[in-house]
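**Student:** Dumping the structure here so I can ask a few things about it.
The values are calculated or read from the model by the stated rules, or taken from the named source; none is laboratory data. These numbers come from a predicted model, not from an experiment. Here Cβ is always computed from backbone atoms with ideal geometry, including for glycine, and neighbour counts include all displayed protein chains.
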C-alpha cells in the first residue's frame, strides 16, 4: 500500500512543508518534490502538523493479572487515542516475566491483543534470571525495583552490579528508591505519603546505581526521577533518565493533599523539586518523558488508593504543552517522546519522520483543548487530568499500513479506520 501525506511535517527538528511517501508501512521519501501514484492521499489542514508517533518507554498494561480487568487491548486502545504507536510494558504482572517461558507467553498475548506495538520488558530478579532472559533475546529489562512494589520481584541492591554485567548491552530500567529508606506505614495524604518515601530514598538509590555503572558499565536507565539532583547524578554517571507528566505538572502545593488520584510511587514532591525538574527539561538534561501509565479504579479514600495514575493517551499533548506553555524548545519536547526513547531501546526504525523509518506518524491540531476523561476512556479511573488545558490534539494516526481517525475513535470508544485492515 502506498500513502502520500502532504502538509506541515516535523522534519529535522522543525516544522516544514513537505510530502511524505509511505510504501508498505515504511517512509521512503520526505521532500517537496514527491509526486507519485498512491492508494491514499492525506492532505493536512493549515492548523495540522505531522510528527513521528510517540514511543512511551514506561507503561503498565496489567496483562496478565487476575485482579485487574485491564489488558493489552484496553490499555493500548487508550494509547492509540492519543497517537502513541509504541509502548514498553513493565513486568508488574502475575505471573511476572522472570523466565523465558513466562516472557514468551506474555509477548504472545501482547501480539494477539494489542492495537499498537508493545515491547514486553523482562522482570529483573537476580543476575541468573537476567542472563536467561538476555539469552532468550529479550530487548529491555525492568523496571527493576530496589524497594517493594505491587507484583514485582524486589532486587537486592547487592545484585545490581551482577545484573548490569549479565545484561550487557541490553538496557535495564530502574525504579530508583532504596528499600531501607522507604516506610510501609499507612498514609492519609500526599504529605504523609512523601514522608514515607523521602527524597533520600531516591537520591541514595541513584547514587548506588551510579557507582555500579562506574564499576562495571552497562546500560542503566533511571525511571520517573523526581529530584533535580537525581537527574544530574544520573547524567554524570552516563545513565539515561526519564521524568513523568505528573511529576512535572503537579506538586504538593498545587494539589489537594487529600486527593487520592495523585498517590504515586515515587511520590509527588514539593514546588522546588518540580520547578527544578522543569528547568532541567528546558536545558535538555532529561532524556525521556514517559507516562508511567498505571491504571487503577478511582477511589475516594486516600488510605485505600493504590499507587499509580492513568495518563498514557496524553503523552504527546503533555510534550507539546511543555513547548507551548513552559518554554521547552520544540525539538527537545518532541525528542523526549520520540527519538530519545527509541535510542534507549536501540530501535533505529522508530522515533523520526525520515526515510528508512517505520511509518508511525501522528497528525495533531496545533490548538489548546480541554481534556475530557470520557473521550480518552479514563472516566472512573485514577486520572488527574480531567478538565486540564493542554496543547496539541491528536487527530489521525498512521500506523504503517493502517490509518486511524482519532477524533472518531475517541467519540465511539473504538478504533476507527480511515484506511487499512
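**Student:** For segment 93-106, indicate whether the set of residues that are out of contact with any helix residue (DSSP H, G or I) (no Cβ under 6 Å at 6 or more places or on another chain) and assigned to a strand (DSSP E or B) is non-empty.
**Tutor:** no
**Student:** As an exercise: evaluate residue 368 against (1) assigned by TED's automatic domain parsing to the domain that holds residue 17; (2) under 26 Å from residue 231 (Cα atoms); (3) without any contact (Cβ under 8 Å) to a residue 60 or more places away in the chain and give the number of the one condition it does not meet.
**Tutor:** The number of the failed condition is (2).
**Student:** Take the residues in segment 182-195 that are in contact (Cβ under 8 Å) with a residue 24 or more places away in the chain and part of a helix (DSSP H, G or I); name whichever of them is farthest from residue 137 (Cα to Cα). Talk me through it step by step, then tell me what you get.
**Tutor:** Initial filter on segment 182-195 (in contact (Cβ under 8 Å) with a residue 24 or more places away in the chain): 182, 184, 186-191, 193-194.
Next, from what is left, pick out any that are part of a helix (DSSP H, G or I): 190-191, 193-194.
Numbers: 190: 40, 191: 42, 193: 38, 194: 38 Å.
Per the criteria, the residue is 191.
**Student:** Another question, then. Is it fair to say residue 176 is surrounded by 16 or more Cβ atoms within 10 Å (Cβ to Cβ), modelled with pLDDT under 95 and within 25 Å of residue 129 (Cβ to Cβ)? Don't jump to the end; show me each part of the working.
**Tutor:** Working: surrounded by 16 or more Cβ atoms within 10 Å (Cβ to Cβ): yes; modelled with pLDDT under 95: no; within 25 Å of residue 129 (Cβ to Cβ): yes.
Here the answer is no, as residue 176 does not meet what is asked.
**Student:** Checking residue 347 against (1) exposed (fewer than 15 other Cβ atoms within 10 Å of the Cβ); (2) touching a residue at least 24 places away in the same chain (Cβ under 8 Å), only one condition comes out false. Which one?
**Tutor:** Evaluating residue 347 over (1) exposed (fewer than 15 other Cβ atoms within 10 Å of the Cβ); (2) touching a residue at least 24 places away in the same chain (Cβ under 8 Å) leaves (1) as the failure.
**Student:** Quick one: would you say residue 229 is more than 21 Å from residue 162 (Cα to Cα) and surrounded by fewer than 21 Cβ atoms within 10 Å (Cβ to Cβ)?
**Tutor:** Details: more than 21 Å from residue 162 (Cα to Cα): yes; surrounded by fewer than 21 Cβ atoms within 10 Å (Cβ to Cβ): yes.
Yes.
**Student:** Suppose we filter 295, 341, 317 for residues that are under 29 Å from residue 192 (Cα atoms) and under 18 Å from the mean Cα position of the chain (by Cα); which single one remains?
**Tutor:** Working: 341 fails: under 29 Å from residue 192 (Cα atoms); 317 fails: under 29 Å from residue 192 (Cα atoms).
Checking each option against the conditions leaves just 295.
**Student:** I'd like the residue in segment 318-338 that is out of contact with any strand residue (DSSP E or B) (no Cβ under 6 Å at 6 or more places or on another chain) and not in a helix (DSSP H, G or I) and, out of all such residues, is farthest from residue 54 (Cα to Cα).
**Tutor:** 327
Every residue, every condition in (1) buried (at least 24 other Cβ atoms within 10 Å of the Cβ); (2) without any contact (Cβ under 8 Å) to a residue 60 or more places away in the chain, yes or no:
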residue: 296; (1), (2): no, no
residue: 300; (1), (2): no, yes
residue: 308; (1), (2): no, no
residue: 321; (1), (2): no, no
residue: 324; (1), (2): no, no
residue: 336; (1), (2): yes, yes
residue: 339; (1), (2): no, no
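**Student:** Further question: With touching a strand residue (DSSP E or B) at 6+ places or on another chain (Cβ under 7 Å) and modelled with pLDDT of 95 or more as the only criterion, which of 124, 160, 134 stands out? Show your work before the answer.
**Tutor:** On the way: 160 fails: touching a strand residue (DSSP E or B) at 6+ places or on another chain (Cβ under 7 Å); 134 fails: touching a strand residue (DSSP E or B) at 6+ places or on another chain (Cβ under 7 Å).
Matching residue, one of 124, 160, 134: 124.
**Student:** Right, something else. Looking at 49, 87, 130, which is the one that is touching a helix residue (DSSP H, G or I) at 6+ places or on another chain (Cβ under 6 Å) and more than 19 Å from residue 164 (Cβ to Cβ)?
**Tutor:** Values: 49 fails: touching a helix residue (DSSP H, G or I) at 6+ places or on another chain (Cβ under 6 Å); 130 fails: more than 19 Å from residue 164 (Cβ to Cβ).
That would be 87, the only listed residue that is touching a helix residue (DSSP H, G or I) at 6+ places or on another chain (Cβ under 6 Å) and more than 19 Å from residue 164 (Cβ to Cβ).
**Student:** Same structure, new question: May I ask you to list the residues in segment 366-388 that are farther than 17 Å from residue 74 by Cβ and either in a loop (DSSP other than H, G, I, E, B) or under 20 Å from the mean Cα position of the chain (by Cα) (or both)?
**Tutor:** Kept after step one, since they are farther than 17 Å from residue 74 by Cβ, are these residues of segment 366-388: 366-372, 384-388.
Of everything in segment 366-388, those that are farther than 17 Å from residue 74 by Cβ and either in a loop (DSSP other than H, G, I, E, B) or under 20 Å from the mean Cα position of the chain (by Cα) (or both) turn out to be 371, 372, 384, 385, 386, 387, 388.
**Student:** Across segment 118-129, which residue is nearest to residue 154 (Cα to Cα) among those that are outside any loop (DSSP other than H, G, I, E, B) and touching a residue at least 40 places away in the same chain (Cβ under 8 Å)?
**Tutor:** Filtering segment 118-129 for residues that are outside any loop (DSSP other than H, G, I, E, B) and touching a residue at least 40 places away in the same chain (Cβ under 8 Å), the one nearest to residue 154 (Cα to Cα) comes out as 119.
**Student:** Further, regarding this structure: For residue 362, all conditions in the list (1) within 16 Å of residue 54 (Cα to Cα); (2) crowded, with 18+ Cβ neighbours inside 10 Å; (3) out of contact with any helix residue (DSSP H, G or I) (no Cβ under 8 Å at 6 or more places or on another chain) hold save one; what is the number of the exception?
**Tutor:** Tallying (1) within 16 Å of residue 54 (Cα to Cα); (2) crowded, with 18+ Cβ neighbours inside 10 Å; (3) out of contact with any helix residue (DSSP H, G or I) (no Cβ under 8 Å at 6 or more places or on another chain), residue 362 fails exactly one: (3).
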